[in-house]
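No value in this document is a laboratory result; all are computed from the given coordinates. Predicted model only: the values in this text are computed from it and were never measured. Please note: Cβ atoms are built from the backbone with ideal geometry, for glycine as well, and neighbour counts cover all protein chains shown.
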Amino acid sequence: MRFQPVFLPKTPAAQAVSSIARAVSLIVKVILMLEPSPIHLEASDRVEKGSFKTGWRSDIPFSQYVQGVFPVRNHPVLSHTDNGRFSDMRWNLRAVKLKELGVIFRPTDDIQNHLRFNRKENILEVFHHTAFLKEQLRATKTGGPHFSDPSASIAAGSLPRQLVLEVLDSIQAVLFPLSDKRSNVLLRSLVRSCSFDPDVLNFEFRSIRNQGEEKVGFVYLADRLSDLHNELESPPPRGWFERMIERKSGARYMMMATLIGVVFAVILGLLSLAVGSYQAWITYQAWQHPRSPGS
């Protein structure tokens, strides 16, 4: 059975429930930088705002809702720091490489939108409040293995520690590795022109990380990072010329190379024809107007 939203006049009781739901959502947004969408408000929000966020049903615990927003996935490379390709794949996901594809970086204040990529508009959303992420990590740093359980972190008023580590690393170690000069320059330009949090330029380690958290594998953000990697490996056609050719990068580039070769050969042929015609014209003029030996 499919649920069809029906818009009815709101009764005082319904208005009270709606007000409470909005208040709870606002509290969660302020404390955790996560904007939940109550399920009974979801339909109207979609109409008014174009929102497609995961609905938070009243019978679902908040910890379960958060895990639904960020489902855990196991990626063969990105989820395992001991994989030989982990560092290379992470390096290939730098923002400077995405920028070469024309990707636009847009700051978001909602952590659930982090690394969401709009292919139609070529926009990548980046949660940029690193100061908030560091405070979350400080709050759960001394908890030991207790905070390895996402529910325990949420019960303490924090997001899952693994999730926060992944978001921070995806910014300062993947998209914008601070040790890379080009990435640092790009990040500074985003701070100036796109209102990114200036704290994003500050790297901290001992005050926020436990032993063993030097490198973080990605399970919450594995799918989103994998999608970006696929975008780099097989970029979709952007211009009208590329849209005329297959989307598959190998076939497209082979076809483009063939067409460029043909065009180059035609240009060389035209140049050779022009030079030959000019030489023939000079020969004809010399035959028509021969010079006498004494001239």
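For the reader, a short list of remarks on this structure follows.
- The value of relative contact order for the stretch 86-233, using C-alpha pairs under 8 Å at least six residues apart, is 29 percent.
- Neighbour counts of other Cβ atoms within 10 Å put Leu259, Leu159 in the fewest-to-most order Leu259, Leu159.
- For the stretch 203-210, 3J(HN,Hα) computed residue by residue from phi via the Karplus equation (6.51, -1.76, 1.60; θ = phi - 60°) reads 9, 10, 9, 4, 6, 10, 10, 8 Hz, glycine and proline entered as x.
- Interchain or long-range residues, amide H under 5 Å from Ile123's placed H: Ile104, Asn118
- Estimated FRET transfer efficiency (Val266, Gln211; beta-carbon r; R0 51 Å; 0.05): 0.20
- FRET efficiency for Asn83 and Glu135, using Cβ-Cβ distance with R0 set to 35 Å, rounded to 0.05: 0.70
- Distance (nanometres) between label positions extended 7 Å along Cα→Cβ at Ser195 and Ile31: 2.6
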